[in-house]
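Student: To start, I am sharing the structure in question, which I have written as structure tokens.
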Amino acid sequence: MLTALLCIGAVLLDDSLGEPRRRHPLVGFGALARKVESLAYGPSATGARVRRGRGVGAVILLLVPCAVLAGLLAAVPLLGPVVALGSLYLAIGARSLAEHAEAVAAALRAGDLPLARERVGLIVSRDTGDLDEEHISRAAVESVLENGCDAIFGALFWFVAAFVPGVVLYRLANTLDAMWGYRTPRYRDFGWAAARLDDLLNWLPARLTALSYLAVGATPALAWRCWRTQAPFWKSPNAGPVMAAGAGALGLALGGPARYRGEWQQRPALGEGMAPRADDIGRAVALVRRALRLWLAAILAGGWLLA
């Protein structure tokens, strides 16, 4: 029951305070990761196998001590619940996700495409400089659906499953994946461990997220069909189920070609229905919020049954 109450408390803290504006621990961790990368990456002539091994070592060096320290602090009497609440609060980004998405929608409703492109560029990695309203809305909706898992449900899952060490390990691994998990010449080998670990940690949370989108969406049968038939063709094994189910739950047509770092990628179609518009960004945020209420109710019910 304590775990359930801590989950509710962390979500309420995030809803009222949002992310820390200054000195967020993840910013400090990112700076530390860049230093470790500069030391561990090695010379340009390093072979692929050695580079991959260096990446594995860097991930272990960064994650294991942090998770162990977090677990030790969480075991201290009186201090433990505070550490647990703070760790989960810092790992959740529900309010930030909603604020960024709603800022994009507000710019679109005002007819300010340059501002909307700038704002959507803060939450997606694709090129946004020439996107129209439909493609800006598509990018924002996709980001909300995918990051619902990364920024909310994955953190809740690992907090319930492995308490403070679990949520700390999950959030820091997700951060390393965001920094190193690219198939570029620099990170294809060095970032392999970060990307694979993030895939592993998100495998079950992603499918539970997809299931919750299906459960709270307006068209569950369509969400299930999109998940079953479209997700296997998406390049990410975890983003595919989440985004396909979310697109089906919203009755929207997502996916399709997008440009990343100047190069077009022919992405499969996701969902079915109308092309997204500005108002659909708010619908995606509302879907994630309903799914979050479902998760908290399930966690609370589980805590009550086990108490």
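Read-outs: derived from the displayed coordinates by stated rules, not from any lab. All figures in this text were calculated on a predicted structure; none of them were measured in a lab. In this analysis, Cβ positions are derived from the backbone assuming ideal geometry, glycine residues included, and neighbour counts consider all displayed protein chains.
Student: Take the alpha carbon atoms of the range 34-111, find their center, do the same for the range 248-307, and report the distance between the two centers in whole angstrom.
Tutor: Between the Cα centre of the range 34-111 and that of the range 248-307, the gap is 23 Å.
Student: When a/c is below 1.5 the answer is rounded, else prolate if a/b is larger than b/c, else oblate, so apply that to the chain with a ≥ b ≥ c taken from the square roots of the Cα gyration tensor eigenvalues.
Tutor: oblate
Student: For Ser96 and Ala45, what does the FRET efficiency come to when R0 = 41 Å and r is the distance between their Cβ atoms, rounded to the nearest 0.05?
Tutor: Details: r = 41 Å, r/R0 = 1.01.
E(calc), rounded to 0.05, equals 0.50.
Student: Let me ask something else about it. Summing +1 for each Lys or Arg and -1 for each Asp or Glu, what net charge is found among the other residues whose Cβ lies under 13 Å from the Cβ of Val216? Show your work: numbers first, answer last.
Tutor: Numbers: positive: Arg283, Arg289, Arg290, Arg293; negative: none.
Taking every Cβ under 13 Å from that of Val216, the sum is +4.
Student: Using Cβ contacts closer than 10 Å as the measure, can you line up Cys66, Cys7 from fewest to most? Can you show the working numbers first?
Tutor: Details: Cys66 18, Cys7 23.
Arranged by neighbour count, lowest to highest, Cys66, Cys7 become Cys66, Cys7.
Student: Before rounding to the nearest 500, sum -39500 (n - 2.57) across all DSSP H runs of length at least 4 in the chain and divide by the residue total; then give [θ] at 222 nm in deg cm²/dmol.
Tutor: The per-residue figure over the chain is -24000 deg cm²/dmol.
Student: If contacts are Cα pairs under 8 angstrom and at least 6 residues apart, what is the relative contact order of the range 185-307 in percent?
Tutor: On the way: 165 pairs, mean separation 27.1, N = 123.
It comes to 22 percent, rounded to a whole number.
Student: I would also like to ask the following. Please give the net charge around Ile136, taking every other residue with its beta carbon less than 14 angstrom from that of Ile136, where Lys and Arg add +1 and Asp and Glu add -1. Mind dumping the intermediate values first?
Tutor: Working: positive: Arg109, Arg117, Arg119, Arg126, Arg138, Arg259, Arg277; negative: Glu102, Asp112, Glu118, Asp127, Asp130, Asp132, Glu133, Glu134, Glu142, Asp279, Asp280.
Local charge sum for Ile136: -4.
Student: Same structure, new question: Let me check against my output: what whole-number percent is the relative contact order of the chain, with C-alpha pairs under 8 Å and at least 6 apart?
Tutor: Taking the mean separation of contacting Cα pairs over the length of the chain, I get 22 percent.
Student: Still on this structure: Compute the Cα gyration tensor for the range 86-193, then decide on rounded, prolate or oblate, letting a ≥ b ≥ c be the square roots of its eigenvalues: rounded whenever a/c is under 1.5, prolate when a/b is larger than b/c in the other cases, and oblate in all that remain. Could the numbers behind the result be given before it?
Tutor: Numbers: a/c = 3.22, a/b = 1.49, b/c = 2.17.
Oblate is the answer for the range 86-193, as a/c is 1.5 or above yet b/c matches or exceeds a/b.
Student: Would you mind checking the range 265-294 for residues with the amide N under 18 Å from a putative spin-label position 7 Å along Cα→C-beta of Arg109?
Tutor: Only 276-289 pass the distance filter.
Student: Let me ask something additional. Would you mind classifying the range 1-94 by shape? Square roots of the alpha carbon gyration tensor eigenvalues, ordered a ≥ b ≥ c; an a/c under 1.5 is rounded, otherwise it is prolate if a/b is larger than b/c and oblate if not.
Tutor: The shape class here is prolate.
Student: Once you list every other residue whose beta carbon is under 11 Å from the beta carbon of Arg109, what net charge do they have if Lys and Arg are +1 and Asp and Glu are -1? The partial results should precede the final answer.
Tutor: On the way: positive: Arg277; negative: Glu102, Asp112, Glu133, Asp279.
Local charge sum for Arg109: -3.
Student: Within the chain, which DSSP H helices have Cα atoms that stretch 20 Å or more along the helix axis and a mean Kyte-Doolittle hydropathy of at least 0.0? If you can, show how the numbers build up before the last one.
Tutor: Values: long enough: 2-17 (22 Å, 1.79); 25-40 (22 Å, 0.81); 48-74 (39 Å, 1.43); 94-109 (22 Å, 0.27); 133-148 (22 Å, -0.43); 154-180 (27 Å, 1.24); 192-216 (35 Å, 0.64); 278-306 (43 Å, 0.99).
Result, helices passing both filters: 2-17, 25-40, 48-74, 94-109, 154-180, 192-216, 278-306.
Student: Now for a different question. Rank the residues Phe29, Phe153 as a footprinting-exposure proxy: fewest other Cβ atoms within 10 Å of their Cβ go first. Mind showing how you got there, number by number?
Tutor: On the way: Phe29 19, Phe153 26.
Exposure proxy ranking, most exposed first: Phe29, Phe153.
Student: With a Förster radius of 22 Å, plug the Cβ-Cβ distance of Ile60 and Ser125 into 1/(1 + (r/R0)^6) and report the FRET value to the nearest 0.05.
Tutor: Working: r = 26 Å, r/R0 = 1.18.
My answer for the efficiency is 0.25.
Student: Which ordering of Asp15, Asp189, Asp150, Asp132 is given by a fewest-first count of other beta-carbon atoms within 10 Å?
Tutor: Details: Asp15 14, Asp189 19, Asp150 25, Asp132 11.
In order of increasing Cβ crowding within 10 Å: Asp132, Asp15, Asp189, Asp150.
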